[in-house]
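*Asks:* A single structure is presented below for examination.
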């Protein structure tokens, strides 16, 4: 280890047992690994030496500390559990400020949610795209597990099926689901406000208790401002008129935000506006500060970061910028616990950062909303874009040129349009009959429903691994997947069978804690050799050892 000019030392002096001092890059690398112990770097015989023990002194002349040695740098203990906002961890019952984000169609499965919760984190079941019966079964499974751990469920905005959104909220309230991840919202909706406000009450000492907690995943400033504000009066009035909430609940709701926590969604997989994290998080923190000033909420408002969270460096950067927590998505889709096909896992572990693109969204097709998907090994994005282009250009399927219709029926629908419509009609007969009535009146809407059917099934073909539909797989994925793959190359996490939710999460958190201590030393003017800067994936048992823990508990 190089020894910086002693004249630049500002930290003070160290005293301790000289036998505890160790020199060399290997000693420094080992010392940095033990994040649960303090790290002293001192000048010893012209070299930089490290120790986990000793005493520091500031403002004392060296002549007074005759045995003291110049202190080059100091890093206090920093555990993965220390990262993030303390109130966030306390309110949700977490050890780690880490969210396993909801991936639709149950890809964030019961098993993944349980793995996260049992490890001191929180996972949100991917309820988007599932029927109420499927969601109900998942709730029952999680609530029946013997171990008590935090978990939540996704509540996705459904502009084309508001009835489903309201029925999902009713199910959550009936089943006492107290934590939801609100995603893909372009504004506030009646079902969302109903969930947040229902059950709010005031204790005898005047404290307002809101039993239903919303963590909103947002990428737009104007939407974030609405979530960090009380519910709007027009929606509250409708809920009162419908008999869903009381006047007292509406009154008390004016003292709480719609969401206490917002996940700033940067360049992520699925619904995304491809926002850069470096600008999005600080902007949302400013919106949070304005909301606190304007409304004076008694509860803390917090902003986390999702999108691009795939390496220790990214996690370290997020917490350094002030994120209350981090949220992972794309990387979990390749995890053992993800409810997806082995084919998808193998495609994902080969992905690089540039292997993603934007494609029309199935649930908001008519609005032109897009999702980020994997483009390597699939033609889904290109085919979906073609369907949207035709939808915008023509008023009915029959107006589309014959050669284009032939390609659609041959390559995408693999049937005639009328057969595809018949199957689509069957789907909506039980899901939302109103869509059928509208389609019979409006041929353009009929065309949209059939095209949406292809987009929706494409994600299910991927999940089930349907072999003859691989070219049509819709795999939600952001550039984080490529970053993770690059980081774990040549390590045990390179293969899909080793990618367990807990192991990946702990590596990211531990690596971030280690890197943050490295940055502290660098900022004190201690130049670290490149050999110790690198962060490599470790088995979970090694991480717990370096953190001074016997197990994950």
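*Asks:* In region 146-153, is there at least one residue being free of Cβ contacts under 8 Å to residues at least 40 places away in the same chain, touching a strand residue (DSSP E or B) at 6+ places or on another chain (Cβ under 8 Å), surrounded by 21 or more Cβ atoms within 10 Å (Cβ to Cβ) and closer than 22 Å to residue 112 by Cβ?
*Replies:* yes
*Asks:* May I pose another question? Against the condition within 26 Å of residue 306 (Cα to Cα), part of a loop (DSSP other than H, G, I, E, B) and assigned by TED's automatic domain parsing to the domain that holds residue 282, how does residue 153 come out, does it pass? First the steps, then the outcome.
*Replies:* Numbers: within 26 Å of residue 306 (Cα to Cα): yes; part of a loop (DSSP other than H, G, I, E, B): no; assigned by TED's automatic domain parsing to the domain that holds residue 282: yes.
Judged against the criteria, residue 153 is not a match.
*Asks:* I'm trying to understand the selection: among the residues of region 107-120, which are assigned to a helix (DSSP H, G or I) and surrounded by 22 or more Cβ atoms within 10 Å (Cβ to Cβ)?
*Replies:* Matches in region 107-120: 112, 113, 115, 116, 117.
*Asks:* Same structure, new question: What number of residues within region 160-188 satisfy the criterion of being within 22 Å of residue 266 (Cα to Cα) and over 16 Å from the mean Cα position of the chain (by Cα)?
*Replies:* The total comes to 3.
*Asks:* Take residue 60 and tell me if it is within 30 Å of residue 315 (Cβ to Cβ), outside the structural domain of residue 324 (by TED's automatic domain parsing) and more than 15 Å from the chain's Cα centre (by Cα).
*Replies:* Working: within 30 Å of residue 315 (Cβ to Cβ): no; outside the structural domain of residue 324 (by TED's automatic domain parsing): yes; more than 15 Å from the chain's Cα centre (by Cα): yes.
So residue 60 does not fit the description; no.
*Asks:* Looking only at region 46-64, which residues are in contact with a helix residue (DSSP H, G or I) (Cβ under 7 Å, 6 or more places away or on another chain), more than 14 Å from residue 528 (Cα to Cα) and in a strand (DSSP E or B)?
*Replies:* Passing the criteria: only 51.
*Asks:* Pick from region 484-501 the residues that are touching a residue at least 60 places away in the same chain (Cβ under 8 Å) and crowded, with 20+ Cβ neighbours inside 10 Å: which of them is nearest to residue 306 (Cα to Cα)?
*Replies:* 484
*Asks:* Sticking with this one: With 472, 468 as the choices, which residue is surrounded by fewer than 15 Cβ atoms within 10 Å (Cβ to Cβ) and either without any contact (Cβ under 8 Å) to a residue 12 or more places away in the chain or under 27 Å from residue 129 (Cβ atoms) (or both)? Break it down stepwise before answering.
*Replies:* Details: 472 fails: surrounded by fewer than 15 Cβ atoms within 10 Å (Cβ to Cβ).
Going through 472, 468 in turn, just one is surrounded by fewer than 15 Cβ atoms within 10 Å (Cβ to Cβ) and either without any contact (Cβ under 8 Å) to a residue 12 or more places away in the chain or under 27 Å from residue 129 (Cβ atoms) (or both): 468.
*Asks:* Under the condition of being assigned to a loop (DSSP other than H, G, I, E, B) and at pLDDT 90 or above, which residue from region 25-45 is surrounded by the most Cβ atoms within 10 Å (Cβ to Cβ)?
*Replies:* Selected residue: 35.
*Asks:* State all residues of region 430-447 that are at pLDDT below 95 and touching a helix residue (DSSP H, G or I) at 6+ places or on another chain (Cβ under 7 Å); if no residue qualifies, say none.
*Replies:* 432, 435, 436, 438, 439
*Asks:* Also, quick follow-up: Mind listing whichever residues of region 165-175 are in contact with a helix residue (DSSP H, G or I) (Cβ under 8 Å, 6 or more places away or on another chain) and either surrounded by 17 or more Cβ atoms within 10 Å (Cβ to Cβ) or within 30 Å of residue 98 (Cβ to Cβ) (or both)?
*Replies:* Of everything in region 165-175, those that are in contact with a helix residue (DSSP H, G or I) (Cβ under 8 Å, 6 or more places away or on another chain) and either surrounded by 17 or more Cβ atoms within 10 Å (Cβ to Cβ) or within 30 Å of residue 98 (Cβ to Cβ) (or both) turn out to be 165, 166, 168, 169, 171, 172, 173, 175.
*Asks:* Which of the numbered conditions does residue 216 fail, given that it passes all the others? Conditions: (1) in contact with a strand residue (DSSP E or B) (Cβ under 9 Å, 6 or more places away or on another chain); (2) farther than 29 Å from residue 308 by Cβ.
*Replies:* (2) is the only condition that residue 216 fails.
*Asks:* Would region 505-516 turn up any residue that is farther than 20 Å from residue 99 by Cβ, surrounded by fewer than 16 Cβ atoms within 10 Å (Cβ to Cβ) and touching a residue at least 12 places away in the same chain (Cβ under 8 Å)?
*Replies:* No.
*Asks:* A further question follows. Please state which one of 128, 123, 187 is touching a strand residue (DSSP E or B) at 6+ places or on another chain (Cβ under 9 Å) and part of a loop (DSSP other than H, G, I, E, B). Give the steps one after another, and end with the answer.
*Replies:* On the way: 123 fails: part of a loop (DSSP other than H, G, I, E, B); 187 fails: touching a strand residue (DSSP E or B) at 6+ places or on another chain (Cβ under 9 Å).
Going through 128, 123, 187 in turn, the sole match is 128.
*Asks:* Now a separate question. Starting from region 226-244, keep only residues that are over 17 Å from residue 198 (Cβ atoms), then list their pairs with residues that are part of a helix (DSSP H, G or I) whose Cβ atoms are within a distance under 7 Å, requiring at least 6 positions of separation or different chains.
*Replies:* Sorted first by the residue in region 226-244, then by its partner, the pairs are 228/287; 228/288; 228/291; 229/291; 229/295.
*Asks:* Would you mind stating whether residue 458 is within 23 Å of residue 307 (Cβ to Cβ) and modelled with pLDDT of 95 or more?
*Replies:* So residue 458 passes the test.
*Asks:* Would you say residue 529 is more than 22 Å from the chain's Cα centre (by Cα), outside the structural domain of residue 320 (by TED's automatic domain parsing) and loosely packed, with under 14 Cβ neighbours inside 10 Å?
*Replies:* Values: more than 22 Å from the chain's Cα centre (by Cα): yes; outside the structural domain of residue 320 (by TED's automatic domain parsing): yes; loosely packed, with under 14 Cβ neighbours inside 10 Å: yes.
Judged against the criteria, residue 529 is a match.
The values are calculated or read from the model by the stated rules, or taken from the named source; none is laboratory data. This one's a predicted model, so the numbers in the text were calculated from it and none came from an experiment. Using ideal geometry, Cβ is built from the backbone for each residue, glycine included, and neighbour counts are taken over all protein chains shown.
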